[in-house]
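**Q** One structure follows; several queries about it will come next.
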Amino acid sequence: MSSFVGRAAELAAVGEAVTAGRVLTLAGPGGCGKTRLAIRACRAVADDWPDGVFWVGLEQEADERNVAHRVAEALDVLLPAGPDPLPVLTGALRERRLLIVLDNCEHVLDGAARVITAVLSQCPGIAVLATSRSRLGVAGERMWPVPPMALSDALELFLRRVGAGAPDVAAGGDVRVEARRVCDRLDRLPLALELAAGWAGTLSLAQIADALSTPFALLDGGVRTASFRQQTLEASMRWSHDLLDDDERALFRRLGVFAPGFDADAVTCLGALDGTGRGRLLKALRGLVDKSLVVADATGSVARYRMLGVVRAYALDRLEEAQEPEAVRDLHLDLYLSLTGRLAPLLETDRDAWRAQVGAAYPNVRAAIEWGLSRDDATRGRRLAAACAWLWHLEGRGAEGVRLLRLAVERGSGERTPLQAEVLAALALVTDTAEPGIEAYELARAARDLAAEAGAPAAGRLSRSLVALGQLAVGLEAAMEEARASMDDAVRAGDGFVADASEAFIGLIHVLADEYRDGIDRLEHALDGLRRRGDHGMASFALCWLALAAARSGAVRRAGGLAERAVATAEPLGSIHWIGTARGVLAEIRVLQGRPDEAAAALEPVERVVAAAGELPFITGWERVKAVLALQRGHPREAAAWCRREGRWQAEPSEEWLAPETRLVLAAALREAGDRADAERVLHALSGAVATREMPRIRAGVLDELALLVHPTDTDGALRLHHEALRIRIDHDLVLGLVASLESLALLSLRRGAARTSRPASSRAPRSAPVPISGSRRIRLCAFPARICGRGWRNRSCARPSSADAPWTCGRRPPTPPAHAGRAAAPSRAGRA
């Protein structure tokens, strides 16, 4: 931004008018200096706002529904996917005292008005300063029309700009006389003056002033009924455009199709329209920059360019006049399709670099996709949409990706082609993290089958890896079989990502089956490849499950470090799904470490978003984590409600569709709430579920919970259940559960001894038969442990002795299980998948 000139009176007035709880709108025609005045005013009042001044530029935003998202991005507020982000935004700002500036609101008036109304009605410490060409229509809005510059200020601005570009011209004898002619003819509008000054190195000031006579003459009479903007800036734009040479004029109108952020390579590709060479195009680009028609940002490693909104609109009008819009937009589509094709190898070698480069071009990529999908032949638009799947999958743009990919699938409806398989696989990938439910896996299965039929091997490998994830709803064995097949296919094809992702998923299955050593080996090996490729999403996933495996095998301290790494790995993605999942696992580890306050603190950054959202976003395992924390605080009914919320994504919510670990937490919550019959019902349903047989920790947890239910009435039966749970934990090295089992048995043995000394034998309860635990199929699980014991196991470890007579590391020996306890023991590892 060039230096600010004049406007002292305006600055003082605006500074006084900016107050908390109010919106001040700087209104006026395009080019009158609203934005620059707002910038300078913000600097002047910055010390009055302890939480800062935040600038939200809306010139690039074409969708009114996204205004809240732009505000959230500027304030670093994480928003969930959902129809109404405003409750989250206002919740995050309610206690803050800051100034928000919304610049260029005129094309998104309704969206800006909704955001301003919500913020000011619920956040008393917030002030809003807006710039717009028209009234926002917000209750309590104070309009402040930005006038043309005072003549002295206009002369100073014009001559400064002339002197910067052509110092010899600025030093001429009649310079102030001719400068005043220019200022008068341009109504002293800052943008128009700067556009005129850009020609000072080409024309004398007298020639510039003379050239302005024709446009202004055209605005006399009837044309004077046009708006103020059209009477001034339109004339200046027409004059500036007429003075361009042929190359500059052609490039100017064609650049109108580009969203902000294009680079020089994109410009030179326009030569394909008429054979103009790279050198001529770059020279023309420089001319447009020099004449302030294109704004250059050369601060990064690659210079990027944009047109001001009003300039771009004028360029598009000229493109229509030249009857070139379709040809140029088609070339624009081809350009960004080619870009994603060139960058595709980075998905295997450096996914961070791929995200950075595609993300920088994303406004143009999105515009190209929308244009391509609107064409009679939507093939190129569909290809480009499929190529962007990983950006939508990894970052916080999933909802937009699902919308565009669904349209791409619809445009290919009925096709049995490789492209349709690729688009289906892309939609399955994005849906997996953007929306809950089984749709992603149904899409993945359809993509896998179509890929095999049509000959799309890459889409087939990706979709098969997603099918494996969906197979968790069938069972661990089915999921393991599909994951191994997916990995084998990927290794043979040299598809490193799918191979590593499939291996990470195999590790997850081992962890769910309580085979921690195998799970850790798989996850660590997969993590090496994922980190080399810069894949933050899958690397965070692998770290989460590594943390859980480490904790459940007794290395709770190491698990905390792994969970912290998972959070740090997910945060650059800016996705509430990945960040929330990692923070949920960190909270779980903190609970296992006996640090519930730190567990709640781990959730807080996402909790602020979730608490204010109208609908809880999809975050894997979130409901169960919240339920366990509620139990820790002694609120079992709240815990039960959280558990049941996990099933809200189902068409017909049912406890049977909850993850087994969630059902176990639900049973504990119901028991602690005094709903013993409901708790017993949940436990018996879980004990008969097909998932339970192959999940030793779940089986042991069911037995422990059943024992706790019968403690008051059947001490001997409770002891047998606890013994059976202990036997399962011994057989599977479930370290954390071993200590809980030993303490439960010790406490219950003491209670039984006391009861036997105080009651006659005839009054004792009959022995209960052991509860069978059966089933052979498994369903998808997330993070939480089967049972969390709040007694003395914390900060200790208990390892299985090397022989039956060796002491346990915790200083105790387990009670001898009854002979019948072996009936519920898990099958040996040798017999597992």
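**Q** Is it the case that E326 is within 25 Å of the chain's Cα centre (by Cα), surrounded by fewer than 21 Cβ atoms within 10 Å (Cβ to Cβ) and either at pLDDT 95 or above or closer than 20 Å to E395 by Cβ (or both)?
**A** Here the answer is no, as E326 does not meet what is asked.
**Q** Could you list, in sequence order, the residues of the stretch 508-524 that are free of Cβ contacts under 8 Å to residues at least 60 places away in the same chain, open to solvent by less than 10 Å² (accessible area, probe 1.4 Å) and over 25 Å from the mean Cα position of the chain (by Cα)?
**A** Matches in the stretch 508-524: I509, V511, G519.
**Q** How many residues does the stretch 538-559 contain that are assigned to a helix (DSSP H, G or I) and surrounded by fewer than 21 Cβ atoms within 10 Å (Cβ to Cβ)?
**A** Looking only at that region, the number is 2.
**Q** Okay, moving on. Do we have V365 as at pLDDT below 90 and either touching a strand residue (DSSP E or B) at 6+ places or on another chain (Cβ under 9 Å) or within 17 Å of G261 (Cα to Cα) (or both) here?
**A** It is false that V365 is at pLDDT below 90 and either touching a strand residue (DSSP E or B) at 6+ places or on another chain (Cβ under 9 Å) or within 17 Å of G261 (Cα to Cα) (or both).
**Q** Still on this model: Out of L308, L404, report the one residue that is among the hydrophobic types (A, V, I, L, M, F, W, C) and either modelled with pLDDT under 95 or surrounded by fewer than 19 Cβ atoms within 10 Å (Cβ to Cβ) (or both).
**A** Criteria check complete, one pass: L308.
**Q** So E59 passes all but one of these: (1) open to solvent by 60 Å² or more (accessible area, probe 1.4 Å); (2) at pLDDT 90 or above. Which condition number does it fail?
**A** (2)
**Q** For the list (1) assigned to a helix (DSSP H, G or I); (2) surrounded by 19 or more Cβ atoms within 10 Å (Cβ to Cβ), I need the number of the one condition that A367 fails.
**A** That leaves (2) as the condition not met.
**Q** For the stretch 617-632, what are the residues that are touching a residue at least 40 places away in the same chain (Cβ under 8 Å) and within 21 Å of the chain's Cα centre (by Cα)?
**A** Residues satisfying the conditions are P617, F618, I619, T620, G621, W622, V625.
**Q** Also, I was wondering about something else. Given the structure, is L469 open to solvent by less than 10 Å² (accessible area, probe 1.4 Å), within 25 Å of the chain's Cα centre (by Cα) and either more than 22 Å from D731 (Cβ to Cβ) or among the basic types (K, R) (or both)?
**A** So L469 fails the test.
**Q** I would also like to ask the following. When the stretch 246-278 is examined, which residues are found to be β-branched (V, I, T) and out of contact with any His (no Cβ under 8 Å at 6 or more places or on another chain)?
**A** Once the filter is applied, which keeps residues that are β-branched (V, I, T) and out of contact with any His (no Cβ under 8 Å at 6 or more places or on another chain), the stretch 246-278 yields V267, T268, T276.
**Q** Quick check on my filter: what residues within the stretch 440-488 are free of Cβ contacts under 8 Å to residues at least 60 places away in the same chain and not in a helix (DSSP H, G or I)?
**A** Passing the criteria: G455, A456.
**Q** A follow-up question, please. So which residues in the stretch 635-660 are at pLDDT below 95, assigned to a loop (DSSP other than H, G, I, E, B) and over 24 Å from the mean Cα position of the chain (by Cα), if there are any at all?
**A** A651, E652, P653, S654, L658, A659
**Q** From (1) part of a loop (DSSP other than H, G, I, E, B); (2) free of Cβ contacts under 8 Å to residues at least 40 places away in the same chain; (3) touching a Phe, Trp or Tyr at 6+ places or on another chain (Cβ under 8 Å), pick out the condition that doesn't hold for A81.
**A** (2)
**Q** Could you tell me which of the residues A513, A504, A490 is out of contact with any His (no Cβ under 7 Å at 6 or more places or on another chain) and either charged (D, E, K, R) or over 30 Å from I698 (Cα atoms) (or both)?
**A** Values: A513 fails: either charged (D, E, K, R) or over 30 Å from I698 (Cα atoms) (or both); A504 fails: either charged (D, E, K, R) or over 30 Å from I698 (Cα atoms) (or both).
Just one listed residue meets the conditions, A490.
**Q** Continuing with the same structure: Between a first residue in the stretch 599-612 that is more than 16 Å from A566 (Cα to Cα) and a second residue that is of a type in the set (F, W, Y), which pairs have beta carbons less than 6 Å apart while being 6 or more apart in sequence or on different chains?
**A** none
**Q** What number of residues in the stretch 661-704 are of a type in the set (D, E), open to solvent by 10 Å² or more (accessible area, probe 1.4 Å) and assigned to a helix (DSSP H, G or I)? Steps first, answer last, please.
**A** Restricting attention to the stretch 661-704, the residues satisfying the condition of being of a type in the set (D, E) are 661, 672, 675, 678, 680, 694, 704.
Still in the running and open to solvent by 10 Å² or more (accessible area, probe 1.4 Å): 672, 675, 678, 680, 694.
Next cut, assigned to a helix (DSSP H, G or I) only: 672, 678, 680, 694.
Qualifying residue count, the stretch 661-704: 4.
**Q** So, in the stretch 411-440, how many residues would count as being of a type in the set (G, A, S) and open to solvent by 10 Å² or more (accessible area, probe 1.4 Å)?
**A** Looking only at that region, the number is 4.
**Q** Does the stretch 563-572 contain any residue that is farther than 16 Å from R351 by Cβ, in contact with a His (Cβ under 6 Å, 6 or more places away or on another chain) and acidic (D, E)?
**A** Checked the stretch 563-572: no residue is farther than 16 Å from R351 by Cβ, in contact with a His (Cβ under 6 Å, 6 or more places away or on another chain) and acidic (D, E).
**Q** Given (1) buried (at least 17 other Cβ atoms within 10 Å of the Cβ); (2) more than 30 Å from G554 (Cα to Cα), where does D500 come up short, assuming only one miss?
**A** D500 satisfies all of (1) buried (at least 17 other Cβ atoms within 10 Å of the Cβ); (2) more than 30 Å from G554 (Cα to Cα) except (2).
**Q** I've got another one for you. How many residues does the stretch 319-350 hold that are among the polar types (S, T, N, Q) and more than 18 Å from A368 (Cα to Cα)?
**A** Looking only at the stretch 319-350, we keep the residues that are among the polar types (S, T, N, Q), and these are 323, 338, 340, 349.
Pick out the ones that are also more than 18 Å from A368 (Cα to Cα) and you get 323, 349.
Adding up the residues that qualify gives 2.
**Q** Right, next: Search the stretch 174-187 for residues that are within 11 Å of L159 (Cα to Cα) and pair each with any residue that is in a loop (DSSP other than H, G, I, E, B) when their beta-carbon atoms are under 7 Å apart and the residues are at least 6 apart or on different chains.
**A** Within 7 Å, the pairs are V182/L212.
**Q** What is the residue count in the stretch 730-748 for residues that are within 42 Å of the chain's Cα centre (by Cα) and buried (at least 20 other Cβ atoms within 10 Å of the Cβ)?
**A** Summing the residues that are within 42 Å of the chain's Cα centre (by Cα) and buried (at least 20 other Cβ atoms within 10 Å of the Cβ) in the stretch 730-748 gives 9.
**Q** Going through the stretch 705-714 one residue at a time, which ones are touching a residue at least 40 places away in the same chain (Cβ under 8 Å) and not in a helix (DSSP H, G or I)?
**A** Result: H711, T713, D714.
**Q** Of all helices (runs of 4 or more DSSP H) completely enclosed by the stretch 107-210, which ones contain at least 1 residues that are modelled with pLDDT under 85, open to solvent by less than 70 Å² (accessible area, probe 1.4 Å) and not small (G, A, S)?
**A** Per the criteria, 151-165, 167-170, 175-185, 190-197.
**Q** Any idea which residue in the stretch 83-102 is nearest to F54 (Cα to Cα), counting only those that are open to solvent by 50 Å² or more (accessible area, probe 1.4 Å) and under 17 Å from the mean Cα position of the chain (by Cα)? Full working, then the answer.
**A** We begin by selecting, within the stretch 83-102, every residue open to solvent by 50 Å² or more (accessible area, probe 1.4 Å); these are 83-84, 94-97.
Those left that are additionally under 17 Å from the mean Cα position of the chain (by Cα): 83-84.
Numbers: P83: 24, D84: 22 Å.
Checking each candidate, the answer is D84.
**Q** List the residue pairs whose Cβ atoms are under 8 Å apart, where the first residue sits in the stretch 283-301 and is touching a residue at least 60 places away in the same chain (Cβ under 8 Å), the second is open to solvent by 50 Å² or more (accessible area, probe 1.4 Å) and assigned to a helix (DSSP H, G or I), and the two are 6 or more positions apart or on different chains.
**A** Pairs that qualify, where the first residue is touching a residue at least 60 places away in the same chain (Cβ under 8 Å) and the partner is open to solvent by 50 Å² or more (accessible area, probe 1.4 Å) and assigned to a helix (DSSP H, G or I), are D290/G165.
**Q** Looking at (1) under 25 Å from the mean Cα position of the chain (by Cα); (2) surrounded by fewer than 16 Cβ atoms within 10 Å (Cβ to Cβ), can you tell me which one A12 breaks?
**A** (1)
The values are calculated or read from the model by the stated rules, or taken from the named source; none is laboratory data. Predicted model only: the values in this text are computed from it and were never measured. Note that each Cβ is placed from the backbone with ideal geometry, even for glycine, and that neighbours are counted across all protein chains shown. The protein model used for the area step is the full one, side chains on, heavy atoms only, and it has no ligands, DNA or RNA in it. Shrake-Rupley method; radii C 1.70, N 1.55, O 1.52, S 1.80 Å.
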